[in-house]
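What follows draws every value from the coordinates through simple rules; no lab data is involved. Quantities reported herein were computed from a predicted structural model and do not represent experimental measurements. With ideal geometry, Cβ positions are generated from the backbone for all residues, glycine too; neighbour counts draw on all protein chains shown.
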Amino acid sequence: MPQVSFSAALTSRHVEAGTIVFDQVLVNDGDFYDPHTGIFTAPISGRYLVSAVLTGHRGEKIEAVLSRSNQAIARSDSAGYQPEGLENKPVAERQPSAGALAVFALVVPMEAEETLCVDLVSGQLAHSPDEPLTIFSAALLYEDGV
């Protein structure tokens, strides 16, 4: 079985919406994660264990989406779930937030050449050149049909 895994951390400021470029590569077996674009490309079809820990600035909400080939497959919101129809009611917005942490941890089926990335919807991510605070990782668990 091919060795496919990566972990990358954010070391620079990221506040604008869009794909998060985790620029410090911690592990990149097979070189399938691109630290210039923030995109992982699956080399083979299979099941991948994917995780991301997004640390925000204290008191600020973080909202992010995990996308496979430009389609959202999971959403995380550090402020909690807001049922449809209640988004215009300011009750939740007035409550203080101690911190912001958005987490993804799931098994994702992927076809060869499909891509995976984390997109920031809102918030300001914590970053550090000295210690990983915001991290994105994936590893091939097993190939399809094996």
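Summing +1 for each Lys or Arg and -1 for each Asp or Glu among the other residues whose beta-carbon sits under 14 angstrom from that of Phe136 gives -2. Relative contact order of the chain, taken over Cα pairs closer than 8 Å and 6 or more residues apart, is 41 percent.
Other residues lying with their Cβ under 10 Å from the Cβ of Pro2 contribute a combined charge of -2, Lys and Arg counting +1, Asp and Glu -1. Applying Stokes-Einstein at 4 °C and 1.567 mPa s to the Kirkwood radius of region 24-79, computed over alpha-carbon pairs, gives a translational diffusion coefficient of 96 µm² s⁻¹. For the chain, a crude dipole built from +1 on the beta carbon of Lys and Arg and -1 on the beta carbon of Asp and Glu, taken about the Cα centre, is about 540 debye to the nearest 20. In the list (1) 16.2, 55; (2) 13.9, 41; (3) 16.0, 52, the label attached to Rg and Dmax of the Cα atoms in Å as derived from the coordinates here is (3). Each stretch of four or more DSSP H residues adds -39500 (n - 2.57); spread over every residue of the chain, this sum gives -500 deg cm²/dmol at 222 nm. Highest mean packing comes first when the peptides 52-61, 66-75 are listed by Cβ atoms within 10 Å, giving 52-61, 66-75.
With a cut-off of 14 Å on the backbone N, the residues of region 16-45 near the modelled label site 7 Å out from Gln3 along Cα-Cβ are 27-32.
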